[in-house]
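Heads up, the thing below is written out as structure tokens.
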Amino acid sequence: MRIGVLTGGGDCPGLNAAIRAIAYRAWMLHDEVHGFREGWAGLLGEGSAQVLTSEVVGGILHLGGTILGSSRTNPARSDDEMRQVEANLRVRAIEGLITIGGDDTLSVSAKLSERGFAVVGVPKTIDNDVPHTDYCIGFDSAVEVVGDALDRLHTTAESHRRVMVLEVMGRDAGWLAVAGGVGGGADLIIIPEHPTSVDAVLRHVQKRMESRRFSIIVVAEGAHVDGLEFGDAGGAVDQFGHAQLSTRGVGTRLAVAIEQQLKVEARPTVLGHVQRGGSPSMFDRVLATQMGATAVDYLHEGHTGVITALRGLEIVPVPFSEVVGRNRTVDRRYFRLVRQFNLAEESDPSLMR
Ligand code: F6P
């Protein structure tokens, strides 16, 4: 077979491990692999691709980012662009395409699949919000970064009797905030799935500071906190219609509100793209290797229009139709786990149910 591969959307650790696995598995089956550059952009216009050789994919397993480059290009916005994608696949005689991406990349993959092309999606996103897969590539590595930041914030918070507010990524789902916050010992975790208010946060912090020297709050960038003034963040909107959340500033605004209203020192830390960079964890390397190799097998079996989902210890195919346009938000079981550590729970149940 002649197989195409691309990485789309926000990058994350583990993409190169997946590309490498796709190439190795494909070569074992005597396939040729073409890597399209910068996501769907590599399939528009003249197209931009390279044949993957052992020189190209050798030594990339442990590297963060993606050797293919990535972008938030959305060809599904116009029929003309979808035709360009198909034409570029035809020009290179690609018989099957593997797309490594999150919700947006997978939604374009679904459209291409509906038009009759053989596509298999590999789920990746540090937000971990692709439905029907226990984990997405990149999430585990990002959780480690959040945990490390919280360990560091703990010592300085305690020394200065401060409130530390750590803003982490997570547009619609708070998986990173919950996993990082529970593992890193935050005393309050605020996620998009569960709106709260400044008043509720202030009550929590006040109570906490009565008994402890410091407080550690983790807030997801997309969280809704009633009473915070956001105004016009002025950030750009991408081709999928998502506003840039880094300019929204929920963490910084929360820290300012705490300091002004409670008269305790509060400091924000916005972790940002540090969460998306660096080497993948061992878990992500293994997951990416399993998913990448399985995607090649699915193409050979004619099992297309699906993603390679992790269920327990197994990789299983899940149709695009069950995945796209949906968001896997944090499970209520995790809310209960978080609650055990929330000292303010009895003072304000709205903080985390
Ligand atoms: O890929 C998802 C994500 O990590 C979101 O959590 C975050 O809002 C976004 O990427 C940031 O994207 P960009 O790199 O385009 O600013």
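Points worth noting:
- Here ARG248, ARG267 are screened, and the one residue that is crowded, with 16+ Cβ neighbours inside 10 Å, basic (Lys, Arg) and within 16 Å of the ligand (Cβ to nearest atom) is ARG248.
- Residue check, GLN260 in the same structural domain as VAL198 (by TED's automatic domain parsing), away from the ligand (no atom under 13 Å from the Cβ) and without any contact (Cβ under 8 Å) to a residue 12 or more places away in the chain: yes
- Consider segment 270-291 and keep the residues that are closer than 28 Å to VAL318 by Cα and free of Cβ contacts under 8 Å to residues at least 60 places away in the same chain. The one that is most open to solvent (accessible area, probe 1.4 Å) is MET282.
- Put simply, of VAL219, VAL182 the only residue that is open to solvent by less than 10 Å² (accessible area, probe 1.4 Å) and either within 14 Å of the ligand (Cβ to nearest atom) or touching a strand residue (DSSP E or B) at 6+ places or on another chain (Cβ under 8 Å) (or both) is VAL219.
- Qualifying residue in segment 267-281 (condition: basic (Lys, Arg), farther than 30 Å from PHE117 by Cα and at pLDDT below 95): no
- Selected residue (criterion: nearest to the ligand (Cβ to nearest atom)) from residues of segment 131-161 that are open to solvent by less than 10 Å² (accessible area, probe 1.4 Å) and touching a Gly at 6+ places or on another chain (Cβ under 6 Å): GLY138
- Scanning segment 168-179 for residues that are within 11 Å of the ligand (Cβ to nearest atom) and in contact (Cβ under 8 Å) with a residue 60 or more places away in the chain turns up VAL168, MET169, ARG171, ASP172, ALA173, GLY174, TRP175, LEU176.
- Test: residue in segment 14-22 that is open to solvent by less than 10 Å² (accessible area, probe 1.4 Å), in contact with a strand residue (DSSP E or B) (Cβ under 8 Å, 6 or more places away or on another chain), at pLDDT 95 or above and over 30 Å from VAL274 (Cβ atoms): no
- Answer residue from segment 23-49, given it is open to solvent by 50 Å² or more (accessible area, probe 1.4 Å) and among the charged types (D, E, K, R) and is farthest from the ligand (Cβ to nearest atom) among those: GLU32
- Those residues of segment 184-211 which are of a type in the set (D, E, K, R) and in contact (Cβ under 8 Å) with a residue 12 or more places away in the chain, in sequence order: ASP187, GLU193, ASP199, ARG203, LYS207, ARG208
- Each residue in segment 292-321 was checked for being in a helix (DSSP H, G or I) and either open to solvent by less than 70 Å² (accessible area, probe 1.4 Å) or of a type in the set (Val, Ile, Thr) (or both), and 9 of them qualify.
- Number of positions in segment 213-239 that are more than 20 Å from ALA177 (Cα to Cα) and either polar (S, T, N, Q) or in contact (Cβ under 8 Å) with a residue 24 or more places away in the chain (or both): 5
- For segment 66-119, a residue qualifies if it is within 16 Å of the ligand (Cβ to nearest atom) and out of contact with any strand residue (DSSP E or B) (no Cβ under 7 Å at 6 or more places or on another chain), and the qualifying residues are GLY69, SER71, ARG72, THR73, ASN74, ASP103, ASP104, SER107, VAL108.
- Candidates are the residues of segment 24-43 that are of a type in the set (A, V, I, L, M, F, W, C) and closer than 18 Å to ALA93 by Cβ; the one that is farthest from the chain's Cα centre (by Cα) is LEU29.
The values are calculated or read from the model by the stated rules, or taken from the named source; none is laboratory data. Here the structure is a predicted model, which means the values were calculated and not measured. All Cβ positions, even for glycine, are placed from backbone atoms using ideal geometry, and neighbour counts span all protein chains on display. Note: areas computed on protein heavy atoms with side chains; ligands, DNA, RNA excluded. Shrake-Rupley method; radii C 1.70, N 1.55, O 1.52, S 1.80 Å.
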